[in-house]
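The values are calculated or read from the model by the stated rules, or taken from the named source; none is laboratory data. Just so we're clear, the structure is a prediction, and the values are computed from it rather than from any experiment. Note: ideal-geometry Cβ built from the backbone for every residue, glycine included; neighbour counts use all protein chains shown. Quick note on the areas: whole protein, heavy atoms, side chains included, nothing else; ligands and nucleic acids left out. Shrake-Rupley method; radii C 1.70, N 1.55, O 1.52, S 1.80 Å.
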Amino acid sequence: PTSMWKPSVDQAFELKGRNRAPRDDSPEGILRRLQRLEDERDIELTFRRYHACYDAGDVEAILSCYTDDAIQINARGTYQGHDELRESYRWLTSGQKFAIHHGTNVVVTLDDDPDHATLNAFWFSAVMTHQDKLLSSGGTYVHRMRRVDGEWLIAKQRITFNYLTKQSHIARKMGDSV
């Protein structure tokens, strides 16, 4: 709990021990709870859109998942704003024939401020390089999300790379073809 997993552990136990008010079943209370559920789902959909755009190699679509002033921290450095993120993603996607990313163990926590939230997740990927090297990697995400003009976007992002392995190609025979 004191390592790179600390944000996930903290978030997982955020409500434990918190003095919560009794549930408000008034129409207003029900609407607030419904809004929270919709916000959590919208945040997760932004996260899924990010992966789909990355795997498609669509740099401008990737940037649509970020605020204009977003900050990303990863093993290669720190990138701030769309211009720096664009160059980073151009470099990343230019080295890939294809990529498949998967986010799992997604936990979304809304702040008391209704326009801010945190998303933590694990990620796994398989990437085929232009040199036909198949790589598998994985790590963690911590996203600080912000609602901008009604849309949930990534405002700050920390990506850890916990492992990277080379994979071998396995030909499978189906009928007369491989």
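When ligands, DNA and RNA are left out and all protein chains stay put, how many square angstrom of accessible area per residue does the range 32-157 have with a 1.4 Å probe?
Values: 6250 Å² over 126 residues.
I get 50 Å² per residue for this part.
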- Item | Förster-model FRET efficiency, 25 Å R0, residue 23 and residue 159, C-beta, rounded to 0.05 | 0.10
- Query: Stretch residue 105-residue 149 to full length: gain in nm at 0.36 nm per residue minus the Cα-Cα span?
  - Reply: 13.1 nm
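What shape does the range 85-150 have by the C-alpha gyration tensor, where a ≥ b ≥ c are the square roots of the eigenvalues, rounded means a/c under 1.5, and otherwise prolate means a/b greater than b/c and oblate the rest?
Numbers: a/c = 4.14, a/b = 1.96, b/c = 2.11.
Verdict is oblate for the range 85-150.
Summarise the long-distance tail of P(r) for the range 49-164 by giving the % of C-alpha pairs beyond 26 Å. Can you show the working numbers first?
Details: 1033 of 6670 pairs.
For the range 49-164, the fraction of Cα-Cα distances above 26 Å is 15 percent.
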- Highest-first arrangement of 143-156, 109-122, where packing means the average Cβ count within 10 Å: 143-156, 109-122
